[in-house]
Amino acid sequence: MARSVMGKKRITIADLARESGVSISTVNRILAGADNVRAATIEQVQETAHRIGFYGAGVLTARREGALPHYRFGFLLQQSTRELYRYFGDKIREAAATRRDERVDCLVDFVDRLEPANIAGRLRALGKECDAVALIAADHPLIGQAIRELHDEGTSVVTYITDQSAPERAAFVGTDNWKLGRTAAFFISQMARDDGRIAVFIGNHRYQCQDVADAAFRSYIREHAPGLIVGESEPTHEDSAQAYTMVRELIAKHDDVKGILIVGGGISGVLRALREVPEERRRQIRVICRDIGPETRKGLTEGLVTAALCHPLEETSQTLIQTMIDVSQRGTTGPTLQRTVPFEIVTPENI
């Protein structure tokens, strides 16, 4: 019954029950805060109350929120100074806020000191406050031990973007890094005009996502472009200044550089070094990077970056939240879940 039909008559509990298709006793139990009414029924009555103007609609909203499963999830991201990770955090919060059937509180933390002992300590501390924790970190025995300890205490750890080798991790959410590496090699090999040298920059040898992408890149080049020489992988340690120095030294030492694959942090340093190279030579160098932030976008618009192979952050964040709910509901038993999200390809033509 719409409000226009009821006119100015005070809407009663009986009216609300009739319009909602439930009994008066069910509405009374909801208003009293009883815990034996399904959340879906509470939501149905709440929506009807707002539609017809029932005076107790605010109480029903509170009852519905109180009846929803409530989770507190922690997210241990890296380097608060990097805009990319801050963007990750924003998208995670947005994904949690859109949940209709659960209440999800997010505790997003950033690690600026990337030493494994520091990350392990921060992971333990976060795990003691949360139902489950998502982690981005290099694979290291100290971090694996922290994952095991949290698992034994009943707290699930989900690896995010890059995996860990600890068998006690509950799930992994990220992209297929083998496909990513071979896709990067496809771009460079198809666009390099002549044989020459390719440099591979990683953040750290212990990041599984980077190591797998590196191996896949080399696999494709060996198979399809044997005339291209792929140098030894060099770590930037996620530092732009280090990446800047590495690119300057690379170009000064070799005059046949055809491509740069950077699968870790430091893209702003790579681009700064390339801007100092004469344009004619710069145009011969293809740059492929991972994920996209303001610096990568600028590099794409300038034509310095050939392609960015990115995590679709909205879909990845939604998948991460759902996965953390799934592992929280099942407890710390069961096999490790693998949730793969296809990566996006961003070029100067579709940015």
Q. Out of the residues in the stretch 255-281 that are over 32 Å from the mean Cα position of the chain (by Cα) and open to solvent by 40 Å² or more (accessible area, probe 1.4 Å), which is farthest from Asp195 (Cα to Cα)?
A. Glu276
Q: State whether one or more residues within the stretch 184-195 are of a type in the set (A, V, I, L, M) and at pLDDT below 95.
A: yes
(Q) All but one of (1) modelled with pLDDT of 95 or more; (2) closer than 23 Å to Leu313 by Cβ hold for Ile198; state the number of the condition that does not hold. (A) (2)
Q. Hey, Leu114 hits all of (1) in a helix (DSSP H, G or I); (2) open to solvent by 40 Å² or more (accessible area, probe 1.4 Å); (3) of a type outside the set (Phe, Trp, Tyr) but one; which does it fall short on?
A. (1)
Q. With (1) open to solvent by less than 50 Å² (accessible area, probe 1.4 Å); (2) at pLDDT below 90; (3) not hydrophobic (A, V, I, L, M, F, W, C) as the list, and Gln44 as the residue in question, which single condition is left unmet?
A. (1)
Q | Selection within the stretch 315-335 - open to solvent by 10 Å² or more (accessible area, probe 1.4 Å) and touching a helix residue (DSSP H, G or I) at 6+ places or on another chain (Cβ under 6 Å) | A | Gln318, Thr332
Q: Could you tell me whether the stretch 290-311 includes any residue that is small (Gly, Ala, Ser), surrounded by fewer than 17 Cβ atoms within 10 Å (Cβ to Cβ) and in a loop (DSSP other than H, G, I, E, B)?
A: yes
Q | Top-ranked residue in the stretch 65-112 [being under 23 Å from Val327 (Cα atoms) and of a type in the set (Asp, Glu); ranked as modelled with the lowest pLDDT] | A | Glu65
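The values are calculated or read from the model by the stated rules, or taken from the named source; none is laboratory data. Being a predicted model, the structure only gives us computed values, none of them experimental. Neighbour counts are summed over all protein chains in view; Cβ atoms, including those assigned to glycine, are modelled from backbone coordinates with ideal geometry. For the accessible areas, the whole protein counts, side chains as well, though only heavy atoms, and no ligand, DNA or RNA atoms are used. Shrake-Rupley method; radii C 1.70, N 1.55, O 1.52, S 1.80 Å.
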